[in-house]
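Here is the structure we will look at.
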Amino acid sequence: MKILVTGSSGHLGEALMRTFANSPHDAVGIDVLSSPYTHVVGTLADRAVVDACMKGVDVVLHAATLHKPHVATHSRQDFIDTNITGTLNLLEAAVANHVRSFVFTSTTSTFGDALTPPPGAPAVWITEDVVPIPKNIYGTTKVAAEDLCQLFHRNENLPCLVLRTSRFFPEEDDLAERRAAFEEANLKANEFLYRRVDIEDVVSAHLLAMEKASALGFGKFIITATTPFSRDDARELGVDAPAVLRRRVPGFEAIYARLGWKMPPALDRVYDNERARTLLGWAPRYDYQRVLHAVASDIDPRSELARLVGTKGYHRSSGSTSDAS
């Protein structure tokens with residue numbers, strides 16, 4: 001099977017390309033940045049480049065994007081060119097070349113302001129049924145690209161699945177107040193409770209999505225680590241998250257005390273991956289309990305794939321587009 005991976009110089013793109021290197025599939029990577037995992041250097045906003053790459057392709061894994069950090073370094077037009085026009089070019093070329101499945105990597109950032117309840121309110125339980133309220137050009141263009149995927153499924157019968165991934169990048173948090181309040185490892189471990197996923201699990205979700213797309217037709221799925229919390233915990237999580245965690249994961253406090261770590265007093269949201277587990281058959285391996293056990297044993301909690309991909313950062317060239325994910 002021939003697979004086109006967009007954003008192949010980025011975190012997820014490289015992780016996918018590394019995975020396909022040990023498979024019988026023929027994977028072709030495209031990105032605006034060169035790398036050992038990129039065969040074609042070019043922008044998805046150029047339809048001729050996309051058409052050339054799409055010949056003979058069976059599956060498209062569209063991980064290329066401009067990200068939230070690029071809001072500070074790139075224009076709104078850059079986001080439209082990469083996230084919307086690039087996706088449209090890929091969808092049109094996929095239909096023209098009779099591609100069997102199209103998987104679009106989206107983000108839980110699309111939910112935007114829907115993620116932030118008033119202080120003291122219950123944590124928002126985030127499923128695919130929550131209506132996105134984008135709060136920046138990044139979220140707006142990702143929602144538009146998701147809608148394009150749904151349009152092409154409905155009007156062109158293109159099997160198309162959307163994976164809304166939670167945080168998997170290794171870079172430090174983008175909010176200064178969180179960086180000041182928590183050690184980075186502490187912060188990331190806490191996020192596995194409600195808003196983080198290991199890149200190995202993101203890759204496995206993409207592999208399942210490309211297999212299931214034909215049968216499912218269209219769908220949106222939240223890709224995040226399985227939380228130890230339940231929907232019934234939402235009210236208390238909004239006011240006393242440590243108390244809930246004591247019930248759900250007994251013994252965490254002793255480990256945190258030894259490490260000098262802490263829990264935030266409240267959580268504003270919890271991402272729920274039930275639909276992906278049920279319909280895709282996805283079984284993420286990396287969750288809070290696994291991370292906690294690893295750090296308690298002085299073991300790196302990341303997957304081997306996450307360690308191999310490492311930290312890339314975000315390119316900062318204003319006025320140009322980036323397909324690195």
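Would you work out which of G120, P301, V99 lies farthest towards the positive end of the dipole of the chain? Charges go on Cβ: Lys and Arg +1, Asp and Glu -1.
The one lying farthest along the dipole's positive direction is G120.
Could you compute the longest span of the chain free of trypsin sites (Lys or Arg not before Pro) located in DSSP loops and having at most 12 other Cβ atoms within 10 Å, not counting the site residues?
Working: sites that count: K55, R285, R316.
Looking at the chain, 56-284 is the longest stretch - no exposed trypsin sites (Lys or Arg not before Pro) with at most 12 other Cβ atoms within 10 Å.
Measure up K55/K312; K135/K212; K135/K262; K68/K212; K68/K188 against 24 Å on the Cα-Cα distance and list the ones that go over.
Values: K55/K312 30 Å; K135/K212 31 Å; K135/K262 29 Å; K68/K212 29 Å; K68/K188 18 Å.
Going by Cα-Cα distance, K55/K312; K135/K212; K135/K262; K68/K212 fall outside the 24 Å limit.
Which FRET efficiency value, to the nearest 0.05, is calculated for R179 and T73 with the Förster distance at 25 angstrom and r the Cβ-Cβ distance? Kindly include the intermediate steps, with their values, before the conclusion.
Details: r = 19 Å, r/R0 = 0.76.
Given R0 = 25 Å and the Cβ-Cβ separation, E is 0.85.
Amide H to amide H under 5 Å from L66: which residues, 5+ apart in sequence or cross-chain, H placed 1.01 Å off N in plane?
Answer set, sorted by chain and number: N83.
Would you mind estimating how fast the chain diffuses translationally, via Stokes-Einstein at 37 °C and 0.692 mPa s with the Kirkwood radius over Cα pairs, in µm²/s?
163 µm²/s
With θ taken as phi - 60° and the coefficients 6.51, -1.76 and 1.60, list the Karplus ³J(HN,Hα) couplings across the range 279-291 in order, rounded to whole Hz; mark glycine and proline as x.
8, 8, x, 7, 10, x, 8, 9, 10, 4, 4, 5, 4
Antiparallel versus total DSSP beta bridges in the chain: what percent is that, nearest 5? Before the final figure, lay out each step's value.
On the way: 0 of 32 bridges.
Looking only at bridges with both residues in the chain, the antiparallel portion is about 0 percent.
Okay, helix-only estimate at 222 nm for the chain: each DSSP H run of n ≥ 4 adds -39500 (n - 2.57), divide by all residues, round to 500 deg cm²/dmol; what do you get?
Estimated from H runs of four or more residues: -10500 deg cm²/dmol.
Given H placed on each backbone N at 1.01 Å, which residues far from S8 in sequence or on other chains put an amide H within less than 5 Å of it?
I30, D31
Here, each number is a calculation from the coordinates, and none is a lab measurement. Note that this is a predicted model, so its numbers are computed, not measured. All Cβ positions, even for glycine, are placed from backbone atoms using ideal geometry, and neighbour counts span all protein chains on display.
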